[in-house]
1. Counting Lys and Arg as +1 and Asp and Glu as -1, each charge on the Cβ, what is the dipole of the range 14-88 about the Cα centre in debye, to the nearest 20?
2. What list of ³J(HN,Hα) values in whole Hz, one per residue of the range 20-37 in order, does the Karplus curve 6.51 cos²θ - 1.76 cosθ + 1.60 (θ = phi - 60°) give from phi, with Gly and Pro shown as x?
3. I need the GluC sites (Glu not before Pro) found in the range 14-98, filtered to DSSP loop residues with at most 11 other beta carbons within 10 Å of theirs.
4. If a/c stays under 1.5 just call it rounded; otherwise compare a/b with b/c (prolate if a/b is bigger, oblate if not). Do that for the range 1-129, with a ≥ b ≥ c from the square roots of the Cα gyration tensor eigenvalues.
5. Give me the distance in nm between label points sitting 7 Å out from Cα along the Cα-to-Cβ direction at Ser6 and Arg163, one decimal.
6. Given a Förster distance of 22 angstrom, what is the FRET efficiency for Tyr77 paired with Arg104, based on the Cβ-Cβ distance and rounded to 0.05?
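Coordinate-derived values only; no laboratory data. Just so we're clear, the structure is a prediction, and the values are computed from it rather than from any experiment. Cβ sites come from the backbone with ideal geometry, for glycine too, and all protein chains shown count toward neighbours.
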Amino acid sequence: MTDPLSSTVFHRHNLPLHALLLENQPWFCAHDVGRLMGFHLSERMLNKLDKDQHRALWIEYYRQPKKQLMLSESGVYALLVYHYAPGNRLLREWLTHQVVPALRDADQPKNSDRPMLSLLDWPEMSLSLLCWQDEGWIRLRDMPYLLHDHTQRRAPVARPWWRRVVQVFQSSKHSMTRL
């Protein structure tokens, strides 16, 4: 056994995805991709892929060396096409716009002057973060989602309907006394 390759773990809907960059190409754990797609990837399904789109590698899988079937980026996209489901479009977008750039940027030297993409991963959401000139930048289109989620967590529990009615009558009573 050779030394296991170091993998990066990404999370989507509380499901892990072990991924790594090998010779500047992204590779993904087939078991994790199957779970994200919603089914087990059988041997029959993997036979649809070309030989260069899958391989067995020793990787760090939950900090333990384990031989895993890995899929290339094109292999994952091919499976998403072969086994179409509406939710797979969002999975493909996540892989294309967040996971792959984060993998590639993590492989770059840290003292580079170019912008680098990283992923902030919280239990309730993930957020792309662009690091440039020692500043973190968030996409403008992500702000409503971020603010909406933040305000929902701080919102008080809704009052019963009868308390709202009482408040309306009390406020109208106070406005009448001022006249």
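1. Result for the range 14-88 is approximately 240 debye, rounded to the nearest 20.
2. Here the 3J(HN,Hα) series is 8, 10, 10, 6, 6, 10, x, 10, 10, 5, 4, 4, 5, 4, x, 5, 5, 7 Hz.
3. Glu23
4. Verdict is oblate for the range 1-129.
5. So the label points at Ser6 and Arg163 sit 5.2 nm apart.
6. It comes out at approximately 0.85.
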